[in-house]
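Heads up: the structure comes next, in structure tokens.
The values are calculated or read from the model by the stated rules, or taken from the named source; none is laboratory data. Please read all numbers here as calculations on a predicted model, not as lab measurements. Here Cβ is always computed from backbone atoms with ideal geometry, including for glycine, and neighbour counts include all displayed protein chains. SASA here: full protein model, heavy atoms, side chains in, ligands and nucleic acids out. Shrake-Rupley method; radii C 1.70, N 1.55, O 1.52, S 1.80 Å.
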Amino acid sequence: MDQYTLNLLVVGATFALYIGIAIWARAGSTSDFYAAGRGVHPVTNGMATAADWMSAASFISMAGLIAFVGYDNSSFLMGWTGGYVLLALLLAPYLRKFGKFTVPEFIGDRFYSPTARLVAVLCLIVASVTYVIGQMTGVGVAFSRFLEVSNATGLFIGAGVVFLYAVLGGMKGITYTQVAQYCVLITAYTIPAIFISLQLTGTPIPPIGLFSEHTLSGQPLLATLDQVVQDLGFASYTGHHTNTLNMVLFTFSLMIGTAGLPHVIIRFFTVPKVADARWSAGWALVFIALLYLSAPAVGAMARLNIIDTIYPNGPQAESLAYDERPDWMRNWEVTGLLTFEDKNGDGRIQLYNDRSETFAATAEANGWAGSELVVNRDILVLANPEIAQLPGWVIALVAAGGLAAALSTAAGLLLAISSAVSHDVIKATINPGISEKGELLAARIAMAAAIAVATWLGLNPPGFAAQTVALAFGIAAASIFPALMMGIFYKRANNFGAIAGMLAGLIFTVGYIFTYKGFLFIPGTNILPDTAEHWVFGISPLSIGSIGAMLNFAVAIVVSRMTAEPPKEIQDLVESIRVPRGATGPVAH
């Protein structure tokens with residue numbers, strides 16, 4: 001059986017499973033659509049949350065970014081994992097205790113203001129649509145390769161699939177679909193990682209293999225990788241070469257952005273009890289760790305495999321002839337995500353750092369006129385089994401896993417958007433008397449509109465999938481997280497402070513991002529080049545969410561202190577969220 005047919009069978013079977021589950025668990029009420037009837041078991045919810053979380057950014061893009069940059073991109077792992085700890089400890093149990101369907105509903109009630117609720121909806125939509133762009137980017141990458149079509153065609157196919165099962169099922173259908181998707185994506189990620197670790201180090205556990213001896217060279221794998229990348233003019237893989245302040249701000253932005261993402265938070269509204277929300281977060285961390293512990297190994301081993309493919313006898317020897325390139329390169333060239341330009345006309349592939357001034361003399365002596373192979377970083381995990389020459393069923397499984405990762409998160413995000421529009425805008429503001437059936441219809445229409453917008457913007461994303469997702473985290477960090485934190489832990493925070501803080505954080509952060517990435521991420525509309533020398537104090541658009549969050553907190557606190565304190569009943573509400581009944585003081589016996 002040829003690879004294309006095998007891909008269709010495996011991917012088709014998983015899609016049939018997802019859509020079947022969505023139909024079986026179809027939402028029949030608003031409670032089912034928004035919160036799965038609040039009857040999801042913590043372990044099940046933890047697995048669904050892990051699938052919701054491990055998006056195209058985690059599955060497809062993160063290892064690729066680590067592979068091509070090295071140690072400096074470990075901030076993705078630190079930020080995203082640390083964010084779940086914050087979420088489990090500081091937000092999830094309290095928001096579940098509040099007992100609402102959506103994040104804007106909590107903000108509207110806590111800050112006793114319909115305006116605050118609408119501002120929260122705006123923040124949610126901006127962050128979530130940006131996030132969906134990253135998912136649709138990943139969907140396009142995966143479909144383009146495994147259906148052997150262009151990236152744009154793959155994107156349109158993926159949008160259609162998301163529409164089918166996300167619009168049908170609501171939260172109830174999405175929850176059980178995501179459990180199935182987690183099983184698919186974690187299997188798809190770990191099996192090739194185990195095979196490749198065995199090939200390169202003889203160790204079947206990838207995180208251990210990363211620090212083991214490289215079989216061919218007889219030295220540690222990371223030392224071998226450091227040597228070959230430096231032989232080609234690149235910075236050492238394990239060294240720290242970027243702005244430390246920027247790295248710290250970026251990690252912090254990912255952490256608090258994680259804790260402020262509406263599509264993750266609403267997962268904790270689906271469990272029966274407050275304690276279950278905390279357990280769900282704990283189980284989610286366990287399930288996420290299975291992939292995140294392997295990601296650095298996958299990235300490092302893939303980078304080494306690519307260089308070994310181009311320079312089979314080492315970087316000092318003759319490179320691979322283009323006509324002799326392996327099938328995996330030919331396959332990815334069809335998508336346009338891997339390109340070759342023979343700049344010196346020698347018919348061979350040169351891959352090196354042509355921006356390194358110190359390596360320029362070596363490149364000239366070799367007769368090289370520039371690096372000739374461009375590999376989109378989002379393809380690395382999907383191409384990894386082909387690069388390592390693993391069996392066809394493994395390649396097909398990875399295709400299914402990549403699509404499961406992208407589609408599961410896209411569905412969760414679209415649900416957050418549709419819930420905000422139908423429940424927090426239409427029902428709460430425009431038409432309070434709308435029927436339950438009408439509200440469900442409005443939610444599904446909003447979801448379809450969000451898919452259309454994200455697909456259009458996904459045709460020209462502002463970066464690789466993980467980078468686009470990082471922008472969404474920055475927006476959530478700057479706008480939603482501070483409002484949630486102050487809503488739970490700062491009784492003096494009032495409606496004026498919350499509204500001013502959210503708007504200040506959102507406008508500042510989005511303005512900074514658009515300055516470098518373009519208005520609505522449209523190419524050519526940026527004011528300044530997106531390069532380090534043009535960033536203010538060297539702060540990347542990916543890291544600016546941290547500064548936006550600080551601004552949000554500062555504005556909200558100052559405005560709250562300058563205006564009337566919240567009503568007594570609101571302060572009592574905050575107290576009741578944070579302190580269990582009967583825990584206010586000692587009782588005499």
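Quick notes on this one:
- Evaluating Leu216 against the criteria (1) part of a helix (DSSP H, G or I); (2) open to solvent by 20 Å² or more (accessible area, probe 1.4 Å); (3) aliphatic (A, V, I, L, M); (4) in contact with a Leu (Cβ under 9 Å, 6 or more places away or on another chain) leaves one unmet condition, (1).
- Count - residues of the range 189-213 that are more than 24 Å from the chain's Cα centre (by Cα), closer than 16 Å to Asp226 by Cβ, buried (at least 17 other Cβ atoms within 10 Å of the Cβ) and among the hydrophobic types (A, V, I, L, M, F, W, C): 1
- Pairs linking a residue in the range 515-544 that is part of a loop (DSSP other than H, G, I, E, B) to a residue that is hydroxyl-bearing (Ser, Thr, Tyr) and open to solvent by less than 20 Å² (accessible area, probe 1.4 Å), with Cβ atoms under 6 Å and 6 or more positions apart or on different chains, are Asn526/Tyr516; Leu528/Tyr516; Asp530/Tyr516; Pro541/Tyr516; Ser543/Ser253.
- Conditions (1) open to solvent by less than 60 Å² (accessible area, probe 1.4 Å); (2) in contact with a Gly (Cβ under 8 Å, 6 or more places away or on another chain); (3) modelled with pLDDT of 85 or more; number of the one not met by Phe234: (2)
- Given (1) surrounded by fewer than 22 Cβ atoms within 10 Å (Cβ to Cβ); (2) modelled with pLDDT under 85; (3) touching a Pro at 6+ places or on another chain (Cβ under 9 Å); (4) charged (D, E, K, R), number of the condition Arg444 does not satisfy: (3)
- Elements of type helices (runs of 4 or more DSSP H) contained in the range 377-465, each with 2 or more residues being more than 20 Å from the chain's Cα centre (by Cα), within 30 Å of Thr115 (Cβ to Cβ) and touching a residue at least 60 places away in the same chain (Cβ under 8 Å): 436-458
- Val228 being at pLDDT 90 or above, in a helix (DSSP H, G or I) and not basic (Lys, Arg): yes
- Note on the range 528-554: residues that are open to solvent by 40 Å² or more (accessible area, probe 1.4 Å) and modelled with pLDDT of 95 or more total 5.
- A search for C-beta distances below 7 Å between a residue of the range 183-208 that is under 16 Å from Ile288 (Cα atoms) and at pLDDT 90 or above and any residue that is among the hydroxyl-bearing types (Ser, Thr, Tyr) and part of a helix (DSSP H, G or I), counting only pairs 6+ apart in sequence or on different chains, returns Pro206/Ser197.
- Checked against the criterion of being at pLDDT 80 or above and within 22 Å of the chain's Cα centre (by Cα), the candidates Ala142, Ala88, Ala127 yield just one match: Ala127.
- Scanning the range 213-241 for residues that are under 18 Å from Ile310 (Cα atoms) and small (Gly, Ala, Ser) yields Ser217, Gly233.
- Remark: pairs (first residue in the range 298-324, within 18 Å of Glu386 (Cβ to Cβ); second residue open to solvent by 40 Å² or more (accessible area, probe 1.4 Å) and in a loop (DSSP other than H, G, I, E, B); Cβ separation under 7 Å; 6+ apart in sequence or on different chains) = Leu320/Pro312; Tyr322/Asp342.
- When the helices (runs of 4 or more DSSP H) confined to the range 257-371 are screened for residues that are surrounded by 23 or more Cβ atoms within 10 Å (Cβ to Cβ), modelled with pLDDT under 90 and of a type in the set (A, V, I, L, M), those reaching at least 3 such residues are found at 274-292.
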